[in-house]
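The structure appears right after this line, and notes come after that.
The values are calculated or read from the model by the stated rules, or taken from the named source; none is laboratory data. Model, not experiment: these values are computed from the prediction. Don't worry about glycine lacking a Cβ; one is built from the backbone with ideal geometry, like all the others, and counts go over all protein chains shown.
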Amino acid sequence: MITRVNGSTDLIGNFTLIKSKNGLTYCDHFIRLRISQNFSSSVYLCKVAKSKILREQIISKFITTAGQKTVNQNHISSLLFPLPPLAEQHRIVAKIDQLMTLCDELEKQIDAAESKQTNLLNSLMAKV
């Protein structure tokens, strides 16, 4: 699903992967995108859609009315996606996931270090 209408620049044109095989009904604020799994990975497309190069393309196509930003099917169909072979798409997704896990671990370590630093500072200030 692609967010078609929203007031937020950050949300308009976002790709959301829907894994349900059941028939879904959705409002007109979304565009349904179905792709052949034979040549493209849905997960890959969702990740690429968050990239700077795709976000810039989407933002350049906005139509604004009454405070709402809109993209339409023609805008989405005109996007230029880097589309390597399917096996490479899977490798890229796996690498992104691996790096995001590493980033999450680093954030936890930074939070723990900051908490420890705060506790040490508070202890020191209590002694002063």
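Put simply, of K52, K47 the only residue that is among the basic types (K, R), surrounded by fewer than 10 Cβ atoms within 10 Å (Cβ to Cβ) and within 15 Å of the chain's Cα centre (by Cα) is K52. Annotation: of all residues in region 9-32 being touching a strand residue (DSSP E or B) at 6+ places or on another chain (Cβ under 6 Å) and in a loop (DSSP other than H, G, I, E, B), the one that is surrounded by the fewest Cβ atoms within 10 Å (Cβ to Cβ) is L11.
Taking the stated definitions as given, is V93 assigned by TED's automatic domain parsing to the domain that holds D10 and under 20 Å from the mean Cα position of the chain (by Cα)? No; evaluated as a whole, the condition is false for this residue.
Take the residues of region 55-74 that are buried (at least 17 other Cβ atoms within 10 Å of the Cβ) and free of Cβ contacts under 8 Å to residues at least 60 places away in the same chain: which is nearest to L17 (Cα to Cα)? Per the stated criteria, the residue is I58.
Could you please let me know if A112 is of a type in the set (G, A, S), under 23 Å from N38 (Cβ atoms) and surrounded by 10 or more Cβ atoms within 10 Å (Cβ to Cβ)? Criteria not met by A112.
Out of curiosity, is L83 surrounded by 10 or more Cβ atoms within 10 Å (Cβ to Cβ), within 30 Å of R4 (Cα to Cα) and under 18 Å from the mean Cα position of the chain (by Cα)? Taking the combined requirement at face value, the residue satisfies it.
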